[in-house]
1. Charges at C-beta only: +1 for Lys and Arg, -1 for Asp and Glu. How large is the resulting dipole of the stretch 57-137 about its Cα centre, in Debye rounded to 20?
2. In whole angstrom, and with the biggest value first, how far do the Cα coordinates of the chain range along each principal axis?
3. Report, in degrees rounded to the nearest 10, the 0 to 90 angle that the Cα long axis of helix 120-130 makes with the longest principal axis of the chain.
4. Neighbour counts of other C-beta atoms within 10 Å: give me Phe51, Phe92, Phe70 arranged from fewest to most.
5. Starting from the Cα of Leu97, step 7 Å toward the Cβ, then list every residue of the stretch 23-64 with an amide N under 19 Å from that point.
6. Could you list Tyr99, Tyr3 so that the one with the fewest beta carbons within 10 Å of its beta carbon is first and the one with the most is last?
7. Please go through the stretch 42-111 and write out the GluC sites (Glu not before Pro) that DSSP classes as loop and that have at most 12 other C-beta atoms within 10 Å.
8. As a check on your grasp of the helix formula, calculate [θ] at 222 nm for the chain: sum -39500 (n - 2.57) over DSSP H runs of n ≥ 4, divide by the residue count, round to the nearest 500.
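Bear in mind that the values in this text are calculations on the coordinates, not laboratory data. Worth saying up front: this structure is predicted, and the values here are computed from it rather than measured. Neighbour counts run over all protein chains shown; Cβ positions are idealised from the backbone, glycine included.
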Amino acid sequence: MSYITQALAPGETVRARARLHWVLWLRAWAALLVLGILVVGVWIFARQLIFNLTTEIAVTDRRLIRKFGFLERRVVDMGLESIESVQLDQDFWGTLLDYGRLTIHGTGDDSWLTPIIADPVGFRRDIEAAMPQRRARAPE
């Protein structure tokens with residue numbers, strides 16, 4: 001029983017009731033949508049920031065190393081002598097803005113894909129220059 005019905009004086013009757021319009025929900029739904037997008041946006045930004053801060057990729061004179069993760073660290077390395085080829089994947093925007101991915105194919109089924117990196121052509125050149133097979137063939 002509603003408050004108004006309980007508060008009626010003896011002999012008093014309700015002649016009409018007003019209902020709230022659904023438009024009242026617009027502000028609440030808009031706020032929920034904006035806050036939801038904001039929370040999701042902050043979450044995505046934080047994950048990307050952590051990924052960027054904890055990922056390292058390098059080529060040494062002996063191997064190719066990729067480290068990623070903070071609390072759950074994962075390190076992948078491949079000896080330079082076992083690298084068969086380095087494939088560059090770069091679309092129109094990647095070429096224009098100088099980013100792309102490298103797929104490093106090793107002996108057998110061993111291969112791994114880099115995340116999107118800056119100057120993939122230069123890094124590919126660095127990997128190939130460090131490979132012992134390439135160095136043995138290069139004239140000095």
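1. Working: 12 positive and 13 negative charges, 57 e Å.
About 280 debye.
2. 110, 34, 26
3. Approximately 30 degrees, to the nearest ten.
4. Working: Phe51 13, Phe92 7, Phe70 10.
Listing Phe51, Phe92, Phe70 from fewest to most nearby Cβ atoms yields Phe92, Phe70, Phe51.
5. Only 41-42, 44-53 fall inside the zone, counting backbone N under 19 Å.
6. On the way: Tyr99 15, Tyr3 6.
Final ranking by Cβ density, sparse to dense: Tyr3, Tyr99.
7. Numbers: sites: Glu56, Glu72, Glu81, Glu84; in loops: Glu72.
Sparse-neighbourhood loop GluC sites (Glu not before Pro): Glu72.
8. Value at 222 nm, helices only: -13000 deg cm²/dmol.
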